[in-house]
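What follows is a short report on a single structure.
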Amino acid sequence: MARFVQGGQPVTEQSNELTTDIDTASPRGIVKILHACDKEIFKGWKDSKGINNDVILDKVVKIALKIKEVLKDPSSGAVVITGCGTSGRLAFLTARTFNRYLTSRGKEPCFQYIISGEDKALFTSQELAEDDPIFGAQALEKTIQGKSKVVVIGVTCGLSAPFVAGQLDYCLSHRDVCTPVLLGFNPSHMARNIDIQNWNKTFLDVVKQMEKAEKSGAGFILNPVIGPEPITGSSRMKSGSTTRILLETLSIAALEDYSRATISLLFKMYEDVCTSVYKQTESMASVIQLAGESLRSGGHIYYLGCDGFGLMGMIDASECVPTYGASVDDIRGFVEGGFSVLCNNDGDISNEGPYYRISLKDFEKDILPLIGHNDLIVLIGKEMINKVDLASLASSQCKMVCMCFQPNSTLCVQEPLENFAVVVDLKHDFSTLDTVASDLAKVTMIRLLQEIAVKWVLNGVSTGAHILKGKVLNNMMIDVKVSNNKLFHRALGIIQKYSGASDDECHLCLLKSIYNSDSPSEAQRSASIEDHIKAAFGVEKVVPKAILLALSKSTVDQVRQMMEKQPIVRKLLMRQTQV
Ligand code: F1P
């Protein structure tokens with residue numbers, strides 16, 4: 001078995017059998033397939049049982065107890081949630097939600113988040129910072145300075161990020177203060193076992209130490225196996241949703257002292273919301289159709305929302321850059337109030353550049369004058385109707401859709417919605433919460449359940465739109481950005497999958513593509529992965545080019561010309577091979 005292919009792959013990097021034909025499905029078909037895939041979060045995949053099972057419930061109860069101990073004395077403790085990319089963004093969202101929760105109860109906020117690449121990474125991909133364990137440990141040390149009791153939840157969906165490995169390792173050597181929790185979605189033995197630059201351990205080595213710590217209650221590994229992602233390796237999707245569910249459940253269970261039975265009921269509520277979302281098959285499919293048309297015709301998609309809804313939009317948009325090699329302008333999100341409502345570590349960073357201008361006012365100033373008929377506006381929440389300049393939008397002839405939330409199925413939409421091409425009407429009955437939650441917990445939980453509903457819809461929209469744009473082959477995004485160690489190795493796996501070439505040949509073709517050279521120099525060949533990643537920055541279509549090089553034995557220039565004539569990589573590959 002070749003080194004890079006499926007059999008030896010961790011679950012999060014495998015291809016999901018349910019989605020093999022997602023690239024040729026209709027928008028309606030895409031929604032159905034995504035639902036089948038998301039069901040695995042709750043129902044399990046192969047021999048694994050999903051999240052609502054005894055092993056996971058036991059661990060959630062134990063970790064929640066540790067968090068509760070910290071919450072007893074918030075001034076001397078902290079709950080730190082940390083991660084890279086999507087995982088770091090979800091860490092930020094969770095910390096923000098539960099600090100507000102504590103504040104509204106007159107308590108001191110003590111949730112903290114760390115994201116590799118700092119706050120710029122909340123909105124734009126800064127993946128290289130993910131590969132540095134020492135940086136991770138330093139960021140953690142700074143965050144918990146002066147604290148005497150800390151729970152550190154390190155999120156890395158693939159059990160792979162060196163940044164998080166460094167932090168867990170730090171915790172394991174500061175056990176008097178720190179209780180580490182590793183959150184991810186591979187079985188422990190599938191943790192990444194690849195050398196980490198300037199470090200003497202692999203991620204797997206750290207997991208083994210964590211396993212020992214877990215035996216004495218000094219650490220926890222929370223790693224339900226929920227099956228591969230719908231788009232191979234796209235951990236923003238199922239893994240991201242499950243990260244949200246687990247982080248929120250752990251936090252609310254600690255704050256409200258929930259029993260194991262209540263925690264199980266909360267998981268069931270998330271599952272019910274997932275079902276309600278995908279009941280909107282037709283309207284979701286219509287939005288996907290519009291979104292696909294926009295991207296295909298060079299238009300843009302703009303998500304506009306308040307508070308957590310707006311943030312979900314911004315996060316979904318930012319993920320499309322590394323996932324689909326999209327331009328930052330293709331899909332953007334804006335939130336009412338911008339930085340004034342964010343509560344982020346670095347405050348207002350709008351002066352960092354145009355992509356950090358994130359408020360509705362910024363949208364009206366920077367984007368609205370340029371909106372045209374190819375663009376799609378997605379209002380998240382009916383309240384947005386009164387917050388945007390609908391008249392100007394309507395006169396620009398852009399397409400508009402609105403997502404609404406109905407607390408139960410008996411209410412119907414009253415406001416005039418005739419301006420909208422599609423209304424996604426997310427009906428859900430939250431009354432089960434009455435039996436378990438205090439008033440404050442209920443308000444928070446409803447909002448969180450609505451936010452995850454937004455996540456499912458937007459992930460479907462942006463994924464579907466890129467599929468319709470021709471970015472996905474079978475269920476694989478082949479034009480992946482080679483922007484960190486994990487993605488470098490994923491790139492090698494993709495080149496091998498579609499070319500069938502040997503490990504060495506794939507590696508060489510990747511270097512040829514990165515360095516735009518038929519014979520990379522000795523210095524280039526022997527450079528570190530980090531150097532290759534730096535060199536790949538800004539180089540277009542690195543992986544498709546490498547596949548074609550491996551398949552066709554053409555020169556870099558010839559491949560470049562082929563790609564200029566036929567930009568849709570799928571069609572080019574189909575010419576070379578039967579995929
Ligand atoms: C972290 C991450 C992903 C991102 C991309 C690169 O992954 O930044 O969020 O989408 O895949 O890696 P992980 O550490 O959570 O596995």
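The values are calculated or read from the model by the stated rules, or taken from the named source; none is laboratory data. Just so you know, these numbers come straight off a predicted model, no measurement behind them. When we count neighbours, we look across all protein chains shown, and the Cβ atoms used for this are built from the backbone with ideal geometry, even at glycine. To get the accessible areas, we keep the full protein, side chains included, count just its heavy atoms, and leave off ligands, DNA and RNA. Shrake-Rupley method; radii C 1.70, N 1.55, O 1.52, S 1.80 Å.
For the reader, a short list of remarks on this structure follows.
- Scanning region 77-96 for residues that are buried (at least 24 other Cβ atoms within 10 Å of the Cβ), away from the ligand (no atom under 16 Å from the Cβ) and in a helix (DSSP H, G or I) yields a single hit, ALA95.
- Residues that are in a loop (DSSP other than H, G, I, E, B) and away from the ligand (no atom under 13 Å from the Cβ) were ranked within region 229-262; the one that is most open to solvent (accessible area, probe 1.4 Å) is ASP257.
- Check on ASN459, in the same structural domain as GLU530 (by TED's automatic domain parsing), under 26 Å from ARG244 (Cα atoms) and touching a residue at least 40 places away in the same chain (Cβ under 8 Å): no
- Residues that are touching an Asp or Glu at 6+ places or on another chain (Cβ under 6 Å), farther than 16 Å from ILE452 by Cβ and either within 16 Å of the ligand (Cβ to nearest atom) or part of a helix (DSSP H, G or I) (or both) within region 296-330 comprise just one, GLY325.
- Unmet requirement for THR143, which otherwise passes all of (1) away from the ligand (no atom under 16 Å from the Cβ); (2) farther than 27 Å from GLY217 by Cα; (3) polar (S, T, N, Q); (4) touching a Ser or Thr at 6+ places or on another chain (Cβ under 9 Å): (2)
- Test: ASP73 is within 16 Å of the ligand (Cβ to nearest atom) and either out of contact with any Ser or Thr (no Cβ under 6 Å at 6 or more places or on another chain) or open to solvent by less than 30 Å² (accessible area, probe 1.4 Å) (or both): no
- Check on VAL378, outside any helix (DSSP H, G or I), on the phi < 0 side of the Ramachandran plot and at pLDDT 90 or above: yes
- Pairs meeting the criteria (first residue in region 335-360 and touching a residue at least 60 places away in the same chain (Cβ under 8 Å) and under 25 Å from VAL378 (Cα atoms), second residue open to solvent by 40 Å² or more (accessible area, probe 1.4 Å) and assigned to a helix (DSSP H, G or I), beta carbons under 7 Å, at least 6 apart or on different chains) are ILE349/LYS120.
- Region 35-48, subset among the charged types (D, E, K, R) and assigned to a helix (DSSP H, G or I), residue farthest from the chain's Cα centre (by Cα): LYS43
- Selected residue (criterion: surrounded by the fewest Cβ atoms within 10 Å (Cβ to Cβ)) from residues of region 463-494 that are at pLDDT below 95 and away from the ligand (no atom under 16 Å from the Cβ): GLY470
- Residues located in region 143-160, provided they are β-branched (Val, Ile, Thr), assigned to a loop (DSSP other than H, G, I, E, B) and under 15 Å from the mean Cα position of the chain (by Cα): THR156
- When ARG105, ARG192 are screened for being outside the structural domain of SER438 (by TED's automatic domain parsing), more than 13 Å from the ligand (Cβ to nearest atom), open to solvent by 10 Å² or more (accessible area, probe 1.4 Å) and touching a residue at least 40 places away in the same chain (Cβ under 8 Å), only ARG105 passes.
- Annotation: THR435 fulfils all but one of (1) open to solvent by less than 30 Å² (accessible area, probe 1.4 Å); (2) at pLDDT below 90; the unmet one is (1).
- Residue match in region 49-69 (condition: of a type in the set (S, T, N, Q), in contact with a strand residue (DSSP E or B) (Cβ under 7 Å, 6 or more places away or on another chain) and outside any helix (DSSP H, G or I)): no
- In summary, ALA121 fulfils each of the numbered conditions (1) free of Cβ contacts under 8 Å to residues at least 40 places away in the same chain; (2) touching a Leu at 6+ places or on another chain (Cβ under 8 Å); (3) part of a helix (DSSP H, G or I) with the single exception of condition (2).
- Selection of region 147-174 for residues being more than 12 Å from the ligand (Cβ to nearest atom) and either within 17 Å of THR86 (Cα to Cα) or free of Cβ contacts under 8 Å to residues at least 24 places away in the same chain (or both) yields ILE153, SER173, HIS174.
- Residue in region 545-557 that is open to solvent by less than 50 Å² (accessible area, probe 1.4 Å), within 30 Å of ASN198 (Cα to Cα) and either of a type in the set (Lys, Arg) or in contact (Cβ under 8 Å) with a residue 40 or more places away in the chain (or both) present: yes
- Against the list (1) part of a loop (DSSP other than H, G, I, E, B); (2) more than 16 Å from the ligand (Cβ to nearest atom); (3) modelled with pLDDT of 95 or more, the condition ASN198 fails is (3).
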